[in-house]
Every structure is written in C-alpha cells, then in structure tokens.
Protein chains: 2
Amino acid sequence: MGRTGEAKPTINDVARLSGVSKKTVSRVINRSPLLNDATREKVEAVIAQLGYVPNPQARALALRRNFVLGMIYDNPNAQMVLNFQEGVLDAIRDSEYALVIHPVDRHSPTLFDNIRRFIEQQRLSGVMILPPLSENDAFAALFDELGCNYVRMGSAELADPAHLVQSNDREGVREAVECLIAEGHRRIGLVEGPEGFRSAYERHQGWREALEAQGLPCDASLIARGSYTFETGKEAGAALLDRDDPPTAIFASNDVMAAGVVHVARERGLDVPRDLSVIGFDDTAIAATIWPPLTTVRWPIRTMARSAARKLIHPEAANREQSRFPTEFVPRASTSRPAQG
Amino acid sequence: MGRTGEAKPTINDVARLSGVSKKTVSRVINRSPLLNDATREKVEAVIAQLGYVPNPQARALALRRNFVLGMIYDNPNAQMVLNFQEGVLDAIRDSEYALVIHPVDRHSPTLFDNIRRFIEQQRLSGVMILPPLSENDAFAALFDELGCNYVRMGSAELADPAHLVQSNDREGVREAVECLIAEGHRRIGLVEGPEGFRSAYERHQGWREALEAQGLPCDASLIARGSYTFETGKEAGAALLDRDDPPTAIFASNDVMAAGVVHVARERGLDVPRDLSVIGFDDTAIAATIWPPLTTVRWPIRTMARSAARKLIHPEAANREQSRFPTEFVPRASTSRPAQG
DNA sequence: TTGTAAGCGTTATCAC
DNA sequence: GTGATAACGCTTACAA
C-alpha cells in the first residue's frame with residue numbers, strides 16, 4: 001500500500017472494489033447522513049485496505065474552494081511570528097486545512113502586487129495578516145476586492161469582529177505603569193515603538209493615561225523612539241538616561257527594546273532594578289532569558305492566532321468566535337522601588 | 001477586473017475572447033516554443049485585460065503534481081525555524097511554488113501517522129525536514145515509501161547530497177575552542193546538547209578534538225548536558241561552576257544555553273568574561289542581545305534553506321546544488337584571557 | 001438510500 | 001502551429 005511508483009488509489013478504485021458508485025464513496029468521505037450503515041462500513045473497509053486519501057486538488061477544483069489558509073507578515077520579532085504560526089496550527093490540526101506562509105518586505109515598492117499575486121495564485125480560503133501590515137486599511141480593501149476572506153491582527157479596533165483579533169495593549173500598559181507608580185516611581189520614561197505602528201501608539205497611550213491619572217509628568221523629555229529592535233532600544237535607553245534628570249523607571253514598548261535598555265543601563269554602571277526599573281511588552285522568550293528576568297506584559301499571540309484561524313474556517317460563526325484578548329501583567333525581577341524613594 | 005462576487009476568468013474565457021482554443025492558451029501560459037508570435041501576443045493581451053490567473057488546483061490535478069513545498073520541524077529555537085522559512089521563501093519567490101509548514105511534537109506517539117497524513121493529504125512536491133527530526137532515518141524511509149521527494153537538514157552527513165544540506169558544526173566548534181585555548185584557557189567546559197541530537201554529538205566532538213589536540217583534559221567533570229533551552233543551560237552551567245576546580249571557559253552547544261550559563265555565572269557573582277569566558281553556537285538574535293554580547297559560531301541556516309528548496313524545485317539538478325555549508329566564528333565580548341592566566 | 005450525467009479548470013494525445 | 005477530445009479526481013444536480 002502506497003509504495004514508490006505505485007499510483008495512488010482514487011475514488012474510482014474504492015468504488016470498484018466496494019461495488020458501489022463513486023458518488024456513494026464521496027458520501028462516505030463527506031459523512032453524508034443519508035447512508036446505509038452497511039454500505040458505509042463496506043466502503044470504509046475498502047478505504048482502509050487501500051490506504052485511500054482523497055485528492056485535495058480535485059476536491060478544491062470541484063468545490064471551487066481551497067482548504068488553505070495564508071499568513072502574511074513582516075515582523076522583526078521571530079518569536080511572535082512563530083507563536084502565531086503555532087496558534088494557527090493548533091486550530092487546523094486534524095483538519096484538511098494547510099497553512100501557507102508569506103513573509104514580505106513592507107518597504108518593498110512591489111508589496112501590493114506581491115500580495116495580490118499571492119492571493120490570486122493560491123486561491124486561499126482566507127488569509128491572516130499581522131501587524132504592522134494589518135493596520136493598513138488598503139490591504140483589507142485589497143482582500144475584499146479579491147474576494148478573499150481575511151482576519152487582521154491588531155492592538156486595537158481595526159475592523160468588525162469577523163475580520164479581527166485584537167488585544168488591549170493600552171490597558172495592559174496602563175496597568176504595568178500603574179505598578180511602577182505604586183512602587184514610588186515619579187519619573188517614568190517611555191521607549192516607544194516606530195511611527196505608523198498602531199501597537200506603538202496604543203502602548204504610548206497606556207503609559208500616558210497611567211501618568212496623567214496621577215498628575216505625573218509625561219513630557220517629551222521622557223520619550224524616546226525605537227523601532228522594536230535591540231539596537232534602537234539601546235539608543236533610546238541611552239537618550240533617556242543621558243538626560244539631566246533621568247527617569248527611575250522605563251517602560252519599553254517591546255521586550256527586545258527593553259533588553260536594549262537593560263543593556264545600556266549596565267554599560268553606564270547602573271544596576272537593574274536597583275538604579276533603574278524596566279518593563280517590557282510581549283513576554284517572548286527573551287524576557288525570561290536576560291538578566292535580570294524582565295517584568296513584562298504578556299501578549300496572547302497564540303490564542304489570538306487560534307481564533308483568527310477559526311474565524312476563517314467557520315466564516316458563518318466568525319462573529320461568535322472571540323475577538324478581544326486581554327493582555328496579562330507578568331512581574332519578574334526588573335522592577336523595584338526607586339533608590340531615592 | 002476581479003471584483004468581489006465576480007467569478008474569476010478561466011482559460012475558456014481567455015480562449016473565447018482571443019478566438020483561439022484553450023489548448024493554445026495553455027501553450028501561451030506554459031511558454032511552449034512552437035507558437036506563432038502573433039497568436040501569443042494576442043492571447044497575452046487578453047490575459048492581461050482579463051487579469052486571468054491560472055488555477056493551480058486544476059493545474060495540479062491535470063499534471064498530477066502539486067507546486068507546494070512542505071517544511072516539517074520541531075525545534076525549540078524560533079529564530080532558527082524562521083530563518084529557515086525565509087531561506088525557503090527566498091528560493092520560491094517569483095515562482096508558482098508555495099510553502100506549507102508543519103510543526104510537530106517529536107515526543108508524540110502519533111508523530112509518524114501525523115507526518116504520513118500531512119504528506120499524503122497535501123501531495124507535496126517535496127518536503128524539508130529540520131533537526132532533530134531530520135536525523136531519524138525512519139522519516140527518510142517514510143518519504144521514500146510515500147514517493148515524496150525530501151531534503152534533510154543536518155549537522156553532519158545524513159544522506160546523499162541530493163537529499164541533504166549540511167553544516168560542519170564539528171569544525172566550527174573546534175575552531176572556536178581553539179581560540180579559547182590560544183587565549184590561555186586550560187580548563188574548558190562543555191554544555192552539550194540533548195542525547196540523540198546529531199548536532200549535539202558533532203559539537204561535542206569539535207570541543208573534544210580541540211582539547212585533545214593540545215593534550216588538555218576533557219573528562220566527564222567538564223561536561224554537563226542540557227536540552228537546548230535556557231533553563232537547562234542554567235542548570236548545566238551551575239553544575240560546572242559548582243565543581244571544585246571550575247572551568248575558566250565554557251562552550252555551550254547553542255546560544256540559548258550559553259545565555260543560561262552567563263545568567264548563572266552572574267548569579268554567582270562572576271563577571272563574564274573576566275571570570276568566565278563563554279561561547280555559544282547559532283548566532284541567533286539572542287547572541288547580540290544579551291550582556292555581554294556573545295561570542296558564537298554562526299550557523300548559515302538561511303543559505304542552507306535556500307539550497308534545500310532549490311534541490312526540491314529542480315530535482316534533476318539537486319546534486320549540483322550546494323550541500324555543505326561552512327559555519328563562521330563570530331567573536332564578540334564574552335571571552336577574554338583567563339583571570340589567573 | 002443509491003446511481004447517472006455533467007462539470008470544475010487545466011493539460012496530454014493526436015489529429016489536421 | 002493549432003484544435004478537438006479525453007483525461008485528471010472529485011462534487012453537485014437530478015433521477016431512480
């Protein structure tokens with residue numbers, strides 16, 4: 001059964017050997033309810049004996065529908081992308097769906113054509129798009145135009161629930177910064193993410209809301225911008241620490257930049273958390289890996305991915321599938337009361 | 001062209017509008033050489049006007065061949081998996097191929113059936129399998145049985161060149177450990193990878209060969225085992241540092257475990273590299289991210305992935321495609337001469 | 001409950 | 001060079 005070179009058995013082989021029509025075999029495959037139990041068992045026996053597996057290309061052709069989900073992303077954060085992939089795989093495990101991935105360069109001048117070609121060629125059932133690409137409404141319009149179902153992943157409301165999985169980054173950050181304030185910090189810096197990222201904006205707002213609620217300063221001298229990379233985290237951290245009145249705590253908009261801040265603090269002879277408290281965002285592997293272990297806000301990527309995939313697989317129930325996912329504060333060892341408390 | 005709800009144009013539409021048969025259109029699509037230039041141009045004009053894209057499912061059905069590459073892995077290292085994915089995408093960009101991914105749990109009792117189902121269902125052109133799964137000959141046998149082309153990725157010779165991309169981990173590690181010896185280290189520890197991983201074995205051997213060539217000790221008291229994770233790196237590092245005569249340098253079989261060693265050294269009040277030199281393997285993002293920046297050995301994953309994909313896309317030229325890929329020593333700041341020279 | 005005929009969109013065969 | 005015709009493996013009418 002199934003040795004090299006042997007042609008794979010088809011529905012016709014099954015039909016012939018079990019003495020029924022191919023339509024009946026088709027009914028067995030598709031679990032049609034109106035089927036004699038005896039017939040079903042007979043056909044199933046032959047299927048097992050032959051090791052028959054329906055050809056998904058033929059199915060796709062007949063059904064005018066391809067059981068393939070696509071994933072489009074351009075993200076510097078490997079762990080986040082992989083977590084998302086695994087969430088999708090959780091959802092399609094033991095189903096006939098497959099996941100095809102499509103990393104792109106968001107700065108490429110041919111990005112739109114590239115994505116259009118991808119969708120048109122593969123005739124996907126649906127596509128999931130990750131931030132920051134997901135924040136661009138033009139892509140949603142493109143998917144609509146191509147008649148391709150989609151789910152956007154975002155850090156805030158981006159679309160109606162059927163086409164969205166969303167985390168509450170703003171609240172998560174607000175809560176984290178409130179913890180710093182509760183510990184006694186008064187000058188709390190922000191290393192914000194790159195311009196044009198909704199996640200960067202939301203996390204900035206979370207920081208701002210926490211400070212403003214307590215009447216604490218949140219002026220420009222407490223803000224430095226990075227681009228979600230380690231190097232820019234270092235640069236932004238350095239800019240904040242070199243100010244005349246440096247912050248006693250810094251919230252960085254992702255873990256990698258927080259690691260950069262920790263790094264540059266150490267270069268300046270500062271001890272984290274004694275001389276500087278640091279909080280990140282994501283709770284990717286790096287958070288537990290660096291020294292000291294990083295206090296952060298967990299982003300429930302895998303869960304979001306699972307729901308995104310399920311929205312595409314069951315479009316009729318997409319609205320009932322969860323769309324909003326709370327973040328979670330993860331206290332570790334990179335924060336403490338300020339030294340001159 | 002292509003608005004929602006509109007049926008996609010088919011080869012029949014193109015044939016009708018250009019006044020030729022569908023076979024002629026098919027010839028245009030497939031760049032058949034025996035075609036009148038005038039006819040070709042006429043058909044191409046209609047194709048462009050209609051925005052016609054051939055249906056890959058129908059193609060796959062007619063050709064009995066699916067233009068899809070698969071990737072099977074179970075690896076704790078996110079960056080390595082993602083690098084591999086991007087290498088594959090480099091190779092299939094602007095082609096009709098797509099990449100479907102299939103993460104698995106190598107400890108699952110149903111692993112074999114799972115992979116078999118994946119291959120049989122998707123009817124892949126070929127599949128790439130990553131370590132440690134790639135080191136299991138039984139999978140190669142399974143792919144042969146299923147008539148599915150494959151390429152194994154490994155840290156040593158695993159198969160003939162047509163089915164293999166391979167790095168020279170042993171030499172890379174030997175070179176790195178030789179650098180430690182040249183700096184004056186005499187007791188050099190090894191945090192080795194998990195049992196059953198070929199990469200772990202090869203890196204172990206590289207360490208051993210470097211030491212033995214200089215007549216230095218490489219007994220069991222200098223070896224601790226981890227499982228390529230941060231936590232086990234910490235445990236193994238602690239085991240080595242708690243010995244009566246601890247090593248002045250440690251080679252860890254991957255970057256994540258090296259980060260664990262650095263972590264635990266710091267917990268014991270040791271300065272890296274002053275009191276302990278550390279070298280990792282991989283050169284993933286974490287190497288440049290931790291403090292101090294980690295000296296390591298770069299593993300050319302992306303390049304290997306590119307070649308792996310090309311071997312599957314052009315099986316007839318698979319032997320001419322590169323199969324062996326050298327690692328590269330990447331000196332950073334986690335090594336120095338030993339304190340008590 | 002089961003079977004027949006037609007069709008999904010493409011390519012291969014073999015005439016012309 | 002080009003075009004009928006029959007596959008490819010499956011599903012959806014519609015009948016029986």
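The values are calculated or read from the model by the stated rules, or taken from the named source; none is laboratory data. Note that this is a predicted model, so its numbers are computed, not measured. Reconstructed Cβ throughout: ideal geometry from the backbone, glycine too, with neighbour counts over all protein chains shown.
Do you know which residues across the stretch A:121-136 are touching a residue at least 12 places away in the same chain (Cβ under 8 Å), within 24 Å of B:Gly51 (Cα to Cα) and either surrounded by fewer than 20 Cβ atoms within 10 Å (Cβ to Cβ) or of a type in the set (Lys, Arg) (or both)?
Across the stretch A:121-136, the qualifying residues are A:Arg123, A:Ser125.
Can you say whether A:Val88 is more than 23 Å from B:Pro103 (Cα to Cα), more than 8 Å from chain B (Cβ to nearest Cβ), at pLDDT 90 or above and surrounded by 20 or more Cβ atoms within 10 Å (Cβ to Cβ), as far as the supplied structure shows?
Criteria not met by A:Val88.
Only residues in the stretch A:7-35 that are more than 14 Å from chain B (Cβ to nearest Cβ) and more than 22 Å from B:Glu145 (Cβ to Cβ) count as the first member; pair them with residues that are near DNA strand C (Cβ under 9 Å from one of its atoms) and in a loop (DSSP other than H, G, I, E, B), Cβ under 7 angstrom, at least 6 apart or cross-chain, and list the lot.
Sorted first by the residue in the stretch A:7-35, then by its partner, the pairs are A:Ala15/A:Ser21; A:Arg27/A:Leu35; A:Val28/A:Leu35.
Which condition number does A:Gly51 fail, the rest of (1) at the interface with another protein chain (Cβ under 10 Å from one of its Cβ atoms); (2) under 26 Å from B:Tyr97 (Cβ atoms); (3) at pLDDT 90 or above being met?
(2)
Of all residues in the stretch A:291-329, which are among the β-branched types (Val, Ile, Thr) and more than 30 Å from B:His263 (Cβ to Cβ)?
A:Ile313
Taking the stretch A:114-132, which residues are over 30 Å from A:Ser227 (Cα atoms), at the interface with chain B (Cβ under 9 Å from one of its Cβ atoms) and in contact with a strand residue (DSSP E or B) (Cβ under 7 Å, 6 or more places away or on another chain)?
A:Gln122
Here are the criteria: (1) assigned to a loop (DSSP other than H, G, I, E, B); (2) at pLDDT 95 or above. Tell me which single one A:Ser307 does not satisfy.
(1)
Return only the number of the condition from (1) under 21 Å from the mean Cα position of the chain (by Cα); (2) at the interface with chain B (Cβ under 10 Å from one of its Cβ atoms); (3) within 14 Å of B:Pro103 (Cα to Cα) that A:Asn77 does not satisfy.
Every listed condition holds for A:Asn77 apart from (3).
Considering the stretch B:25-37 alone, what residues qualify as being more than 42 Å from the chain's Cα centre (by Cα) and within 7 Å of DNA strand D (Cβ to nearest atom)?
The answer is B:Leu35, B:Asn36.
The rows are residues; the columns are (1) at pLDDT 95 or above; (2) in a strand (DSSP E or B); (3) within 14 Å of chain A (Cβ to nearest Cβ).
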{"residue": "B:Cys179", "(1), (2), (3)": "yes, no, no"}
{"residue": "B:Ser199", "(1), (2), (3)": "no, no, no"}
{"residue": "B:His204", "(1), (2), (3)": "yes, no, no"}
{"residue": "B:Arg208", "(1), (2), (3)": "yes, no, no"}
{"residue": "B:Gly233", "(1), (2), (3)": "yes, no, yes"}
{"residue": "B:Ala258", "(1), (2), (3)": "yes, no, yes"}
{"residue": "B:Val262", "(1), (2), (3)": "yes, no, yes"}
{"residue": "B:Ala265", "(1), (2), (3)": "yes, no, yes"}
{"residue": "B:Asp275", "(1), (2), (3)": "yes, no, no"}
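For the stretch A:277-297, which positions are of a type outside the set (Val, Ile, Thr) and not in a strand (DSSP E or B)?
A:Gly280, A:Phe281, A:Asp283, A:Ala285, A:Ala287, A:Ala288, A:Trp291, A:Pro292, A:Pro293, A:Leu294
How many of the residues making up the stretch A:286-314 are within 14 Å of chain B (Cβ to nearest Cβ) and over 30 Å from B:Asn254 (Cβ atoms)?
1
Look through the stretch A:153-177, keep the residues that are of a type in the set (Gly, Ala, Ser) and in a helix (DSSP H, G or I), and return whichever of them is surrounded by the fewest Cβ atoms within 10 Å (Cβ to Cβ).
Across the stretch A:153-177, the extreme among qualifying residues is A:Ala162.
Give the residue that is surrounded by the most Cβ atoms within 10 Å (Cβ to Cβ), with candidates limited to residues of the stretch B:214-225 that are touching a residue at least 12 places away in the same chain (Cβ under 8 Å) and more than 22 Å from B:Gly260 (Cβ to Cβ).
B:Leu216
Only one of (1) outside any helix (DSSP H, G or I); (2) surrounded by fewer than 24 Cβ atoms within 10 Å (Cβ to Cβ) is not met by A:Leu142, so which one is it?
(1)
Which count do you get for residues in the stretch A:72-110 that are without any contact (Cβ under 8 Å) to a residue 40 or more places away in the chain, assigned to a loop (DSSP other than H, G, I, E, B) and closer than 23 Å to B:Arg93 by Cα?
7
Which is away from chain B (no Cβ under 13 Å), surrounded by 19 or more Cβ atoms within 10 Å (Cβ to Cβ), at pLDDT 90 or above and in contact with a Ser or Thr (Cβ under 8 Å, 6 or more places away or on another chain), of A:Val68, A:Val46?
Selected residue: A:Val46, the only one of A:Val68, A:Val46 that is away from chain B (no Cβ under 13 Å), surrounded by 19 or more Cβ atoms within 10 Å (Cβ to Cβ), at pLDDT 90 or above and in contact with a Ser or Thr (Cβ under 8 Å, 6 or more places away or on another chain).
Can you name the number of the only condition in (1) part of a strand (DSSP E or B); (2) touching a residue at least 60 places away in the same chain (Cβ under 8 Å) that B:Tyr228 fails?
(1)
Out of the helices (runs of 4 or more DSSP H) lying entirely within the stretch B:1-64, which hold 1 or more residues that are more than 9 Å from DNA strand C (Cβ to nearest atom) and not assigned by the TED database to the domain that holds B:Gly126?
So the answer is B:11-18, B:22-29, B:37-50.
Could you tell me whether any residue of the stretch B:183-197 is under 30 Å from B:Ile119 (Cα atoms) and either within 14 Å of chain A (Cβ to nearest Cβ) or buried (at least 17 other Cβ atoms within 10 Å of the Cβ) (or both)?
Yes: the stretch B:183-197 contains one or more residues that are under 30 Å from B:Ile119 (Cα atoms) and either within 14 Å of chain A (Cβ to nearest Cβ) or buried (at least 17 other Cβ atoms within 10 Å of the Cβ) (or both).
Out of B:Arg337, B:Arg298, B:Arg268, I need the residue that is basic (Lys, Arg) and within 15 Å of the chain's Cα centre (by Cα). Which one?
B:Arg298
Before we move on, is A:Ile301 crowded, with 17+ Cβ neighbours inside 10 Å and within 26 Å of A:Asp160 (Cβ to Cβ)?
Here the answer is yes, as A:Ile301 does meet what is asked.
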